[in-house]
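Read the structure below first, then the notes.
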Amino acid sequence: MAEQVQSGAVASDPIADSLVLPIGSRVNERGRLEVGGCDIVELVEEHGTPAYVYAEDDLRARARAYREAFERRGVDGEVLFASKAFPATAAYKLFAEEGLSVDVASGGELHIALAAGFDPARIHMHGNNKSDAEILMAAQAGIGHLILDSFDEIERAERLLDAPMRVLIRVTPGVKPSTHDFITTGQLDSKFGFGAGDPTGAARAIERVLASDKLELVGLHAHIGSQIFELEPYRLAIAALGELAGDWCKVVDVGGGLGIAYTAADRPPSIDDYVGTKVAGVREVFGDDVRMLIEPGRSLVANAGVTAYRIGTVKEIPGIRTYVAVDGGMSDNLRPMLYGSRYEALIADRASAEPDTTVTVAGMHCESGDVLVRDAVLAAPAVGDVLVTPATGAYGHAMANNYNGVTRPPVIFCRGGKARVVVRRETFDDLTARDV
C-alpha cells in the first residue's frame, strides 16, 4: 500500500504514473483530466474557478499507508494529522474516520477538530504563544497532550489550570535539514521550543515541569521542519531527545516533515521508508518502552489536491516571455510568493496533448510578484482553457486570503465520479459580513 501510495500509479500513461497528481488521476475518453473520477472541465463548469479539488480516495489511502506502516512494525503509537496543512472540517472528519489522531496549533483548529468528531484524548496541541483562552479551552476539552513551548507558557499553564494536565516538552534538537529556511524548525535559533544543547533550555524546562503539581510531564517532542527528503536528520533528532529522557518519558513525538513531489523531478522517500526510519530510531534510543507519535500533514494531503483555474488572458512579449493569466493567484496559493515554491501546470481540456509552449502562469492580483509557475510548458494555452496546478492540497486552502477583495475558493471532494462541495465559495457579502 505504501509503495502504491507513493507512486500513485494506476496505469501506464504519464498522468496515471504521475507522482504529482492525485492517485487514480487519468485522461478520460474526451482527452480531459479526471480527478477522483470527475472530469475537471465539467466540474468547474458547474462550480466555477478557482476551485480546490481533492481525490477523497487519495486522502484515505495515505492515511491508511501511515497506519499500516505502524501496524506492520508493531508500534504502540498514534499517527497525528498535522491539521495546519488543511484545516477544513471535512478533512478532520475524514482522518478521524480513518483512525488518525490530530495535532492542532490554535484554538480555531481545536474547535474544528472537536466539531469534526475527534476524540479529545486523540488531540494534541502545539503553538509557540498559546493564549490563556487556548490553554483553558484545551484543558476543558480534555485533550491528550499540551505541548509546552516556553518558560512563559509553563508559568501561564500553572496559573490557569485547576487540575493536572498531561504535557510534552518541545525540544529544538539542533538539527537543520536541507529545506527552505522558513520551514526549518529544529535548529537552535528557532522561535519554537527549548534548545537541547542549551544549559538554560530543555534540561531546565524538564526539571521545572517535573516539580510542578499542575503539569504532568509524560514525554518529549521534536519537529525539525517540513518538505524534507533526507532521512538521517530524523535519527539525529531522536538521539538528541534520548539525551534528555528519564524514567518519566513515556511518550516520544517525533514530528512530521516528509517531503512530497511538487514536480516530476522530485523523488521523496516513501511513507514506509520514512516511518521505518523513525521507528528504528526510536527503538534504538528508547527501546519499546515509549509510545510513539508522528505528525504527517503535507504528505497526507498535498498530492491529493489540485487547484483549477480559468485562463483569462494570454500575453506574448516577443523575445521575452508569454504570460498566461488565470483567475486566482496569491489569494489561493501563497507558497510561490512566500517560499519561491515550484509547481507544475497542465491544461485540463487537453491533458494528453504534447506540451509545446513555455509560459509564465501569472495570477490576477495587483502585484508583479503574483506568479504561480515560471517556465511552465503547456499544450497551446488559450483563453477559456482550464489550467490545473497539481500538489496544492497542503497550505493552499490553509493560507487562502482576500487580497484585492478576492473571494476564497470552494473545496470539492471527488470520489467515484461524484463531487461534493465541503467548503462553499465565498461571496462578496461574506467580505462585509463582519463589518460593524
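The values are calculated or read from the model by the stated rules, or taken from the named source; none is laboratory data. Being a predicted model, the structure only gives us computed values, none of them experimental. So basically every Cβ, Gly included, is an ideal-geometry build from the backbone, and we count neighbours across all protein chains shown. Note: areas computed on protein heavy atoms with side chains; ligands, DNA, RNA excluded. Shrake-Rupley method; radii C 1.70, N 1.55, O 1.52, S 1.80 Å.
The listed residues are Leu188, Leu217, Leu168, and the only one of them that is at pLDDT 90 or above, in contact with a Gly (Cβ under 9 Å, 6 or more places away or on another chain) and either surrounded by 16 or more Cβ atoms within 10 Å (Cβ to Cβ) or at negative phi (or both) turns out to be Leu168.
It is to be established whether one or more residues within segment 349-361 are under 24 Å from the mean Cα position of the chain (by Cα), within 26 Å of Glu46 (Cα to Cα) and without any contact (Cβ under 8 Å) to a residue 40 or more places away in the chain. Looking for residues that are under 24 Å from the mean Cα position of the chain (by Cα), within 26 Å of Glu46 (Cα to Cα) and without any contact (Cβ under 8 Å) to a residue 40 or more places away in the chain, one finds at least one in segment 349-361, hence yes. The residues of segment 268-294 that are touching a Ser or Thr at 6+ places or on another chain (Cβ under 9 Å) and closer than 11 Å to Val254 by Cβ, listed by number, are Tyr274, Leu293. Among the residues making up segment 227-258, a single one is in contact with a helix residue (DSSP H, G or I) (Cβ under 7 Å, 6 or more places away or on another chain), open to solvent by less than 20 Å² (accessible area, probe 1.4 Å) and over 14 Å from Arg283 (Cα atoms): Leu258.
In the condition set (1) touching a helix residue (DSSP H, G or I) at 6+ places or on another chain (Cβ under 6 Å); (2) under 19 Å from Tyr52 (Cα atoms), Thr407 is compliant with all but (1).
Of note, Gly24 satisfies the criterion of being of a type in the set (Gly, Ala, Ser), over 17 Å from Gly144 (Cβ atoms) and either in a loop (DSSP other than H, G, I, E, B) or touching a helix residue (DSSP H, G or I) at 6+ places or on another chain (Cβ under 6 Å) (or both). In the set (1) open to solvent by less than 20 Å² (accessible area, probe 1.4 Å); (2) farther than 20 Å from His223 by Cβ; (3) under 22 Å from the mean Cα position of the chain (by Cα), Ile112 fails one condition alone, (1). Quick check: is even one residue across segment 47-68 open to solvent by 10 Å² or more (accessible area, probe 1.4 Å), on the phi > 0 side of the Ramachandran plot and touching an Asp or Glu at 6+ places or on another chain (Cβ under 7 Å)? The answer is no; no qualifying residue exists. Among the residues of segment 297-329, those that are open to solvent by less than 70 Å² (accessible area, probe 1.4 Å), among the hydroxyl-bearing types (Ser, Thr, Tyr) and over 20 Å from Asn402 (Cβ atoms) comprise Ser299, Thr322. All but one of (1) within 30 Å of Leu387 (Cβ to Cβ); (2) out of contact with any strand residue (DSSP E or B) (no Cβ under 7 Å at 6 or more places or on another chain) hold for Ile238, so report the exception by its number. Failing condition for Ile238: (1). Of all the residues in segment 119-150, those that are under 20 Å from Asp253 (Cα atoms), open to solvent by 20 Å² or more (accessible area, probe 1.4 Å) and free of Cβ contacts under 8 Å to residues at least 60 places away in the same chain number 8.
Of these, Asp266, Asp253, Asp289, Asp213, which one is charged (D, E, K, R) and in contact with a strand residue (DSSP E or B) (Cβ under 7 Å, 6 or more places away or on another chain)? Give the derivation first.
Numbers: Asp266 fails: in contact with a strand residue (DSSP E or B) (Cβ under 7 Å, 6 or more places away or on another chain); Asp289 fails: in contact with a strand residue (DSSP E or B) (Cβ under 7 Å, 6 or more places away or on another chain); Asp213 fails: in contact with a strand residue (DSSP E or B) (Cβ under 7 Å, 6 or more places away or on another chain).
Testing whether each residue is charged (D, E, K, R) and in contact with a strand residue (DSSP E or B) (Cβ under 7 Å, 6 or more places away or on another chain) leaves just Asp253.
The criterion of at least 2 residues that are over 30 Å from Ala345 (Cβ atoms) is met, among strands (runs of 3 or more DSSP E) falling completely within segment 226-327, by 251-253, 291-294. Might you let me know whether segment 23-45 holds any residue that is in contact (Cβ under 8 Å) with a residue 40 or more places away in the chain, closer than 30 Å to Val167 by Cβ and among the charged types (D, E, K, R)? No, every residue in segment 23-45 fails to be in contact (Cβ under 8 Å) with a residue 40 or more places away in the chain, closer than 30 Å to Val167 by Cβ and among the charged types (D, E, K, R).
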